[in-house]
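The values are calculated or read from the model by the stated rules, or taken from the named source; none is laboratory data. The structure presented is a predicted model; accordingly, all values stated were derived computationally and were not measured. Glycine also receives a Cβ, built like all others from the backbone with ideal geometry; neighbour counts cover every protein chain displayed.
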There are 4 protein chains.
Amino acid sequence: MALDGTRLKDALEAIAAEMATVEERGKPADYIPELARVSAGHFALCVATEDGRLFSCGDADTAFSIQSVSKVFTLTLALGLAGDALWKRVGREPSGSAFNSIVQLEYEHGRPRNPFINAGAIAVTDIILGNHQPREALGEILRFLRALSGDDTISIDEAVALSEKQTGYRNFALANYMRAYGIITHPVDLVLGVYFHHCAIAMTAQQLAQAGSFLAFGGRDPLSGFRVVSPDRARRINALMLTCGHYDGSGEFAYRVGLPAKSGVGGGILCIVPGVASIAAWSPGLNDVGNSRLGTLALERLAKTMDWNIFGIRS
Amino acid sequence: MALDGTRLKDALEAIAAEMATVEERGKPADYIPELARVSAGHFALCVATEDGRLFSCGDADTAFSIQSVSKVFTLTLALGLAGDALWKRVGREPSGSAFNSIVQLEYEHGRPRNPFINAGAIAVTDIILGNHQPREALGEILRFLRALSGDDTISIDEAVALSEKQTGYRNFALANYMRAYGIITHPVDLVLGVYFHHCAIAMTAQQLAQAGSFLAFGGRDPLSGFRVVSPDRARRINALMLTCGHYDGSGEFAYRVGLPAKSGVGGGILCIVPGVASIAAWSPGLNDVGNSRLGTLALERLAKTMDWNIFGIRS
Amino acid sequence: MALDGTRLKDALEAIAAEMATVEERGKPADYIPELARVSAGHFALCVATEDGRLFSCGDADTAFSIQSVSKVFTLTLALGLAGDALWKRVGREPSGSAFNSIVQLEYEHGRPRNPFINAGAIAVTDIILGNHQPREALGEILRFLRALSGDDTISIDEAVALSEKQTGYRNFALANYMRAYGIITHPVDLVLGVYFHHCAIAMTAQQLAQAGSFLAFGGRDPLSGFRVVSPDRARRINALMLTCGHYDGSGEFAYRVGLPAKSGVGGGILCIVPGVASIAAWSPGLNDVGNSRLGTLALERLAKTMDWNIFGIRS
Amino acid sequence: MALDGTRLKDALEAIAAEMATVEERGKPADYIPELARVSAGHFALCVATEDGRLFSCGDADTAFSIQSVSKVFTLTLALGLAGDALWKRVGREPSGSAFNSIVQLEYEHGRPRNPFINAGAIAVTDIILGNHQPREALGEILRFLRALSGDDTISIDEAVALSEKQTGYRNFALANYMRAYGIITHPVDLVLGVYFHHCAIAMTAQQLAQAGSFLAFGGRDPLSGFRVVSPDRARRINALMLTCGHYDGSGEFAYRVGLPAKSGVGGGILCIVPGVASIAAWSPGLNDVGNSRLGTLALERLAKTMDWNIFGIRS
């Protein structure tokens, strides 16, 4: 699919204009003060294309907490370290339940359903930890994101990380539960230390769109030409994003938008148009299943306008 | 994507040869004698392309019980009748649980998670029943499939339908449960009568591949040019097949094959390559989550060889 | 424990007076018109003692639908027919969940947790059905209750039975589910026909207190001297009433009242003081777990005043 | 009920003789080395009567890890501290599920079903912690048990406590989960520190029978005459032991033995015959729901021989 730059620019402008008028913007995550403090008024959309151009609208150079969007990158790293052995510890099926995943951990002997729910991402972090100190593991994650986005200033919001640690009792419960089953092998405190920190990475929509580009272009970073993962692995990560990327709203996103994507409670969404573009959307207000309300809406509009949908042609 | 006929023929031959040598073929569904009696030795694969050609290998003109594959067509019909009001009664999320769906019916007030699990498909059948007599509703479903496949001989295997009725206690439990919540509005016996009969429709792989073509080509039957559904609706049905089409193996199928598909316990799978082809696979032996073992394997091989995958390019 | 008749009479009068002033009486069951129509103003309490005396207050000779209280008597009958083989089909543990039991049927392979939840009682009815016609099985249940209460006029409220049949979808779901696992062996319609009818038996508090006497006096009907069950079996039925007799309010009843008892959604409660008395309470308004609000309160008052409690002495 | 000393002695001798011949003794808890190391050959039974006599057989003066039996005493203490306000945090219903309680914590917003499952007992420990340091809280529990048993040598097995801490991931999961809901108010580490230590208290059967006596005699210690709790509270603790004292085997114990009792995975059981005696049984081998196999059997035999059963008379 060739990309029509003018049409894209017009689309972004129209979407930004529409989003500015939406009154029901959802509510920012309120479980930690640092996230609750962010204004629901923010909106950003950025499209990174194969030739390295970035098409943006809104607050595309304002950094936000990427939260669960980081799970796409930690999964990528962990697959590089452990290969398919990773799947012994984590499943590949949608959690598919309005109920939080600790129920399924119990029914399924401590093995999380997929790497994008909290439990699964914690298990993935345990793999990255490997023989490293937490500081080193975290450094590796950060270096990876900086390299992908071509920006060495990307950093961790320590206040967010600290807040998550102080209030993350459910994550402590999940991690301890998995430790009881041997899914987590390191001390819970260390694993969660790394987990809370990589969730607290702050990026702009431009950086995020850039960082996700390898997933759109067969595993190869279109700018540097560097192969991040094999084409097969890129496809498979995209498949996981589609089936599991929006918690219990994954089916709905696939139905409405028709593209692989991963959301975070900071209001960010990374969305992939295979062969065409990598997109980052951001708006802090969340819908009732915890995904960015305006981010989802903006992606639905953009996909429709640009006719980007992996499930079929316009005919 | 242009279709290379020679490459496709070679691929089919190679797959048929490989499948003939596979020893672990899974076990045919054994809960009704009519399905258990079918030999696990059968294998068929058929690809229908936009220009109306059928590329086949194996027992592609042997009829089999399509079972849950019929749910794609009843959903299509019901959406035509009820439009988006259908989604008030049925969800769009993966069931995502190794446990059977009656648990989720209870937790979610009788509303099935999606139209491809039994409960959801029974609710869809209730919609098709509308003001009709069961015989008329069934006639409509049959006419629809005959028209799509261009074959008026397609019919119902009454022995299978009868057997399902006599042993379908779990389906009676599901339907009664939904009736308690008003999700089913007709008498349970009538709804299940139609449901058991449409699951008992017998088709060949060639007929099935043909019948599913409209989903590959933007909602339009490529042979007759008849518009079955809008392009948007075709995409959305494909999205539902991808996220929910293989019960609790949907994530795995998306990961391994990367194409929308719907399986049935008769061993059939309808698989869509958007813009390129509609594929039917059949082999009666099932894997541990109830999907055709060789059917899945054959589709994985074919997709890989032909580089058909909605999640990305080869790069 | 010797029974002080004067103290008991005074206690009943005081309780009746107190109950007349209670404003929050709960709401009668509303899922069938016949039960909803009964006034929440009714209240009755009747104590049957070893010497055959009945001490009553309130509407003790007004018949009401005994509903699940019938399960004590059908269990007694079925144990007489099947002996301990009954426990192969039904468990002896509290259901202990706010969630309806079909979830547990699924997790526990169709075997209900105890004979006093709906699923368990339906399985018990299946045992009573045995080789009989439904009419005969029902006749046997009715004869049993008439003999125990010494009153041949006890009968079934056909309007209630019919209503339950017409709206009892959840019970149809439970029965079909158990049939799928072979816990139910007869056609679901026949089993539920008997079940709905024995739940629809109408009795007065006086008749019910009399009918339950054998459980208070070692399995022997104190009036006729007839041995209904062995002392051990009487104890065990009482134990089941204590742990499972009030659905998910069983622990609370044991905690507050301290006596074995079985409630029904018609507002009736049969309560046993081992060695001392059999009590029937009735008031149609229910609390939030489906047990008679005033019935429970009156039994708590009576037990306290008379110092009836199986869990300890006054000291 | 008067107590026939000769009959009791004969009964204990006969039971000890029978237990010595039982080959299937169950397996000691193996999740921590300290418990696994105890020989399944041990057996003890001790009956404490109102006049202060102790009737024993077997290894009645060998100390064992009381584990969950301690929960009866911590509940008693916590009720003394918090009164009925305790029930805002903990329920009074059987957990009634073969599945571990973290599932129910999720469904019921972090509130454990009763004080005798792990989650509930941890919440009770949080109450005892109050404004104290862990060391003080633990001292209070220890002083309470020493006073009740009249033996100042009772102490904590530090090796067991340490082992539990090192392997108690599920308990850490439960505690963190409850902390997320505010059911636990202190730091999880502190609460579990106290919890693991009070579970690791070591007592002999003689000490345990003595310590439980107040529950048999209306809340009053029969030896010292000291009132530990009110008669009503003693009854209610007994009621909780009956409905919830054996995890998912509580209904079975009530059915077979007919007495309130609390078991621990160390193989100990405290069993109350209201008005008559307090009994401690011990044998380390467990049945499939985690209760002492021989302990249960011995209590069943003793209750039958002595005709001790709260659910009825012999007739």
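Here C:Gly130 passes the criteria (1) within 29 Å of C:Asp232 (Cα to Cα); (2) small (Gly, Ala, Ser); (3) surrounded by 17 or more Cβ atoms within 10 Å (Cβ to Cβ) except the one numbered (3). Looking at the stretch A:148-156, is at least one residue more than 11 Å from chain D (Cβ to nearest Cβ), in a helix (DSSP H, G or I), touching a residue at least 24 places away in the same chain (Cβ under 8 Å) and not aromatic (Phe, Trp, Tyr)? Within the stretch A:148-156, one or more residues are more than 11 Å from chain D (Cβ to nearest Cβ), in a helix (DSSP H, G or I), touching a residue at least 24 places away in the same chain (Cβ under 8 Å) and not aromatic (Phe, Trp, Tyr).
Of all residues in the stretch A:61-81, those satisfying the criterion of being buried (at least 24 other Cβ atoms within 10 Å of the Cβ) and not in a helix (DSSP H, G or I) are A:Phe64, A:Ser65, A:Ile66. Considering the stretch B:168-200, and only residues there that are assigned to a loop (DSSP other than H, G, I, E, B) and touching a Phe, Trp or Tyr at 6+ places or on another chain (Cβ under 9 Å), the residue that is nearest to B:Ser70 (Cα to Cα) turns out to be B:Gly168.
For (1) in contact with a Gly (Cβ under 6 Å, 6 or more places away or on another chain); (2) crowded, with 24+ Cβ neighbours inside 10 Å, each residue gets a yes or a no:
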{"position": "D:Cys271", "(1), (2)": "no, yes"}
{"position": "D:Ala281", "(1), (2)": "yes, yes"}
{"position": "D:Pro284", "(1), (2)": "yes, yes"}
{"position": "D:Arg293", "(1), (2)": "yes, no"}
{"position": "D:Leu297", "(1), (2)": "no, no"}
{"position": "D:Glu300", "(1), (2)": "no, no"}
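Only residues that are more than 13 Å from chain B (Cβ to nearest Cβ), over 12 Å from the mean Cα position of the chain (by Cα) and under 18 Å from A:Arg53 (Cβ atoms) were counted in the stretch A:269-304, giving 1. Among the residues making up the stretch C:37-59, a single one is part of a loop (DSSP other than H, G, I, E, B) and within 17 Å of C:Ala261 (Cβ to Cβ): C:Phe43. Picking from residues in the stretch C:230-247 that are surrounded by fewer than 24 Cβ atoms within 10 Å (Cβ to Cβ) and either more than 17 Å from the chain's Cα centre (by Cα) or within 26 Å of C:Val38 (Cα to Cα) (or both), the one that is nearest to the other protein chains (Cβ to nearest Cβ) is C:Pro231.
Total residues in the stretch C:269-295 satisfying the condition of being among the polar types (S, T, N, Q), closer than 19 Å to C:Ala239 by Cα and not in a strand (DSSP E or B): the figure is 1.
The rows are residues; the columns are (1) surrounded by 24 or more Cβ atoms within 10 Å (Cβ to Cβ); (2) touching a residue at least 40 places away in the same chain (Cβ under 8 Å); (3) at positive phi.
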residue	(1), (2), (3)
B:Ile141	no, yes, no
B:Ala159	no, yes, no
B:Phe172	no, no, no
B:Leu192	yes, yes, no
B:Ala200	yes, yes, no
B:Leu208	yes, yes, no
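Taking only pairs six or more apart or across chains, which ones have beta-carbon atoms under 8 Å, a first residue in the stretch D:233-251 that is of a type in the set (Asp, Glu), and a second residue that is not in a helix (DSSP H, G or I)? Note: pairs meeting the criteria are D:Asp248/C:Glu93; D:Asp248/D:Ser95; D:Asp248/D:Gly96; D:Asp248/D:Ser97; D:Asp248/D:Ala98; D:Asp248/D:Val289. Which residues, taken from the stretch D:305-315, are at the interface with another protein chain (Cβ under 9 Å from one of its Cβ atoms) and either in contact with a strand residue (DSSP E or B) (Cβ under 6 Å, 6 or more places away or on another chain) or buried (at least 24 other Cβ atoms within 10 Å of the Cβ) (or both)? Selection gives D:Ile310, D:Phe311, D:Gly312, D:Ser315.
Residues that are within 14 Å of chain A (Cβ to nearest Cβ) and either at pLDDT 95 or above or in contact with a helix residue (DSSP H, G or I) (Cβ under 7 Å, 6 or more places away or on another chain) (or both) do not occur anywhere in the stretch B:26-42. Only residues that are of a type outside the set (A, V, I, L, M, F, W, C) and outside any loop (DSSP other than H, G, I, E, B): list them for the stretch A:201-222, please. Once the filter is applied, which keeps residues that are of a type outside the set (A, V, I, L, M, F, W, C) and outside any loop (DSSP other than H, G, I, E, B), the stretch A:201-222 yields A:Gln206, A:Gln207, A:Gln210, A:Ser213, A:Arg220. Checking each residue in the stretch A:100-134 for being of a type outside the set (S, T, N, Q), under 22 Å from the mean Cα position of the chain (by Cα) and under 17 Å from A:Leu81 (Cα atoms) picks out A:Pro115, A:Gly120, A:Ala121, A:Ile122, A:Ala123, A:Val124, A:Asp126, A:Ile127, A:Ile128, A:Leu129, A:Pro134.
Among the residues of the stretch B:157-179, just one is among the β-branched types (Val, Ile, Thr) and more than 14 Å from chain C (Cβ to nearest Cβ), namely B:Val160.
Residues of the stretch D:179-190 include at least one that is aromatic (Phe, Trp, Tyr), surrounded by fewer than 24 Cβ atoms within 10 Å (Cβ to Cβ), over 18 Å from C:Phe311 (Cβ atoms) and touching a residue at least 24 places away in the same chain (Cβ under 8 Å).
Has the stretch C:55-69 got any residue that is modelled with pLDDT under 95 and on the phi > 0 side of the Ramachandran plot? No: the stretch C:55-69 contains no residue that is modelled with pLDDT under 95 and on the phi > 0 side of the Ramachandran plot. Looking only at the stretch D:97-116, residues that are aromatic (Phe, Trp, Tyr) and either at pLDDT below 90 or outside the structural domain of D:Asn176 (by TED's automatic domain parsing) (or both) come to 2 in all. For B:Gly258, indicate whether it is within 30 Å of C:Gly110 (Cα to Cα), over 14 Å from the mean Cα position of the chain (by Cα) and surrounded by 21 or more Cβ atoms within 10 Å (Cβ to Cβ). No, not satisfied.
Being away from chain D (no Cβ under 13 Å) and within 29 Å of C:Arg227 (Cα to Cα) is not true of C:Ile102. Evaluating D:Ser95 against the criteria (1) within 14 Å of another protein chain (Cβ to nearest Cβ); (2) touching a Gly at 6+ places or on another chain (Cβ under 8 Å); (3) surrounded by fewer than 22 Cβ atoms within 10 Å (Cβ to Cβ) leaves one unmet condition, (3). The residue list D:Gly258, D:Gly225, D:Gly266 contains one member that is outside any helix (DSSP H, G or I), under 24 Å from D:Ala60 (Cα atoms) and within 14 Å of chain C (Cβ to nearest Cβ), which is D:Gly258. Checking C:Asp10, C:Asp84 one by one, the residue that is assigned by TED's automatic domain parsing to the domain that holds C:Gly290 and out of contact with any strand residue (DSSP E or B) (no Cβ under 7 Å at 6 or more places or on another chain) is C:Asp10 and no other. Taking the stretch C:212-221 as the range and being in contact with a Ser or Thr (Cβ under 7 Å, 6 or more places away or on another chain) and within 10 Å of chain D (Cβ to nearest Cβ) as the test, the residues that pass are C:Leu215, C:Ala216, C:Phe217, C:Gly218, C:Gly219, C:Arg220.
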